[in-house]
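Report on one structure; see the data block that follows.
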Amino acid sequence: GKASLIASAAGLVAGGVVGAVLDEQDRLVMQKNSPRTIDRMDRGDPLTINDVIKLSQNGVSDNTIMQYIQESLSFYSLSQTQVRRLQDSGVSQRVIKVMVELGR
């Protein structure tokens, strides 16, 4: 609809990493459950570990999370404790692997 056209145009202006990454459904869910994560993504800022957990728990796909992590040049230096926390929170091994590799 018209609203989504306007929203995606706004996304492009904002540097648009995310406009492209989150689909409308994901966006609505995240807006409700973790507005801070959306703010960070709209600015193209790196995601915190918490953000990654929130995205994962709210059903955002691994590919989407990995794409954003790579495009936003998020950099992690994960401790064993943090890796365990991600695993315990249900973040997939694929996403954790990308995070670990970017931290090298």
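Scanning region 72-97 for residues that are closer than 16 Å to SER61 by Cα and either touching a strand residue (DSSP E or B) at 6+ places or on another chain (Cβ under 8 Å) or surrounded by 14 or more Cβ atoms within 10 Å (Cβ to Cβ) (or both) turns up LEU86, SER89, VAL91, SER92, VAL95, ILE96. Just to be sure before I move on: is SER77 closer than 17 Å to LYS97 by Cα and either small (Gly, Ala, Ser) or in contact with a Gly (Cβ under 6 Å, 6 or more places away or on another chain) (or both) in the structure I sent? Yes: the conditions hold for SER77. Inspection of region 49-69 finds no residue satisfying the criterion of being farther than 24 Å from ASP23 by Cβ and open to solvent by 20 Å² or more (accessible area, probe 1.4 Å).
Please determine whether any residue of region 15-23 is at pLDDT 85 or above and either of a type outside the set (Ser, Thr, Tyr) or surrounded by fewer than 16 Cβ atoms within 10 Å (Cβ to Cβ) (or both). Scanning region 15-23 turns up at least one residue that is at pLDDT 85 or above and either of a type outside the set (Ser, Thr, Tyr) or surrounded by fewer than 16 Cβ atoms within 10 Å (Cβ to Cβ) (or both).
The values are calculated or read from the model by the stated rules, or taken from the named source; none is laboratory data. This one's a predicted model, so the numbers in the text were calculated from it and none came from an experiment. So basically every Cβ, Gly included, is an ideal-geometry build from the backbone, and we count neighbours across all protein chains shown. The area values use the complete protein model at the heavy-atom level, side chains included, leaving out ligands, DNA and RNA. Shrake-Rupley method; radii C 1.70, N 1.55, O 1.52, S 1.80 Å.
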